[in-house]
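Working notes, beginning with the structure itself.
A short reminder: the numbers here are calculations on the coordinates, not readings from a lab. Since the structure is predicted, the reported quantities are computational estimates derived from the model, not experimental observations. Ideal geometry is used to build each Cβ from the backbone, glycine not excepted, and the neighbour counts take in all protein chains shown.
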Amino acid sequence: MLYLFGMVPTRRAANQDGICPHRVVNRICFFCTRLPTAQRARLHELLQPVTYAVGDSIFHEGERARGVWSICRGQVKLSKYGDEGRSLVTRIIHSGGMIGYRSVLGRTAVYGTAVASEDTKAVFLPAQTFEDLFAREETFRVAVMALMAEDLEHAESLAASMAYNDARSRVLAALAEFRRVRERVVGSLAGWEFSIPRKDLAELTGLTVEAVVRTLKKLEADGVLEIQGRKLRVVDPGAVREHCLHHCTERQPFNAQSQCYCLFDDRWARDAEHE
């Protein structure tokens with residue numbers, strides 16, 4: 001999807017023509033990279049910068065979204081409470097992700113509660129402005145529909161993985177998910193160290209915290225990762241990479257000619273080395 005409108009995600013494109021109110025260079029921000037240059041310039045005055053500290057709520061399950069939020073830097077956890085009152089993480093939105101747009105377009109309540117799980121910088125576009133752009137601008141409408149299709153495809157892959165796989169595969173898929181998206185904001189690889197609360201892993205995988213801890217210890221015994229307190233360090237990246245749920249692993253697995261810039265592809269790292 002990064003090649004929408006013929007835009008190759010180079011560092012020059014990632015500079016965003018100064019549109020980001022936070023001045024964050026983000027290679028996959030919807031407003032900064034997925035729209036034609038002229039449209040990005042017009043949006044500059046409409047986007048409202050917002051910040052959230054860890055634990056801050058952005059919206060609550062059952063509310064109507066006031067607009068859409070695009071994450072410049074940080075992380076937001078989207079969760080829903082089941083019939084038994086247990087919280088289940090349905091989606092983790094990282095830098096470059098967008099939330100609220102499905103509620104705005106469908107004029108329905110938001111599906112879950114969104115809480116900042118890291119200090120987060122985002123931009124906000126009011127619902128009416130977003131709807132007007134969607135109705136009036138064809139390129140904007142196509143970009144939103146492409147984003148929606150991409151999010152749906154990935155959500156289906158994640159749901160299937162968590163529903164049908166064993167605990168080991170679920171945890172590895174969750175680690176692959178964190179790895180794939182955590183550093184796309186700057187387009188570089190951040191290594192294989194994670195600091196992920198076991199509770200977040202449990203909610204994302206649908207396992208209990210105890211089951212996650214047992215699985216991590218087994219993975220450590222098998223030489224896949226090392227545990228250092230709350231930190232995890234993957235020492236066998238191949239074992240994790242095989243569980244990446246992004247479509248590139250199915251359609252274009254690490255092909256040098258692929259147009260997919262999944263972070264398991266090291267081209268971004270090579271590009272950075274040459275600059």
- Note on the structure: Taking a straight Cα-to-Cα line shorter than 22 Å from residue 218, and setting aside same-chain lysines fewer than 8 residues away, one finds 199, 231
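Give me 68, 213 sorted ascending by neighbouring Cβ count inside 10 Å, so fewest comes first.
213, 68
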- Query: Once amide H atoms are placed 1.01 Å from N in the peptide plane, what residues at a sequence separation of 5 or more from residue 110, or on another chain, have their amide H within under 5 Å of its amide H?
  - Reply: 62, 63, 64, 65
- Message: Could you give the length gained by full extension between residue 153 and residue 221, i.e. 0.36 nm per residue of separation minus their alpha carbon distance, to one decimal place?
- Response: 21.1 nm
- Query: Between residue 22 and residue 86, how many nm apart are label points set 7 Å from Cα along the C-beta direction?
  - Reply: 3.3 nm
- Message: In the stretch 48-78, whose amide N lies under 12 Å from the spot 7 Å out along Cα-to-Cβ of residue 109? List them in ranges.
- Response: 60-65
- Task: Starting from the amide H of residue 90, placed 1.01 Å from N in the peptide plane, find each other amide H under 5 Å away whose residue is 5 or more places distant or on another chain.
- Result: 78, 79, 80
- Karplus-derived 3J(HN,Hα), 6.51/-1.76/1.60, for each residue of the stretch 66-77, Hz, glycine and proline x: 6, x, 10, 10, 10, 7, 7, 8, x, 7, 10, 9
- Can you sort 120, 208, 90 so the residue with the fewest Cβ neighbours within 10 Å comes first? 208, 90, 120
- Note on the structure: The set of residues whose placed amide H lies less than 5 Å from the amide H of residue 75, leaving out same-chain residues fewer than 5 positions away, is 117, 118
- Extension reserve of the residue 132-residue 242 stretch, reckoned as 0.36 nm per residue once the Cα distance is removed: 35.4 nm
- Query: Among 119, 151, what is the fewest-to-most ranking by other Cβ atoms within 10 Å?
  - Reply: 119, 151
- Contour excess over end-to-end distance, with Cα ends at residue 118 and residue 192 and 0.36 nm allotted per residue: 24.8 nm
- Note on the structure: Taking a label point 7 Å from the Cα of residue 63 along Cα-to-Cβ, the residues of the stretch 88-112 whose backbone nitrogen sits under 11 Å from it are 110
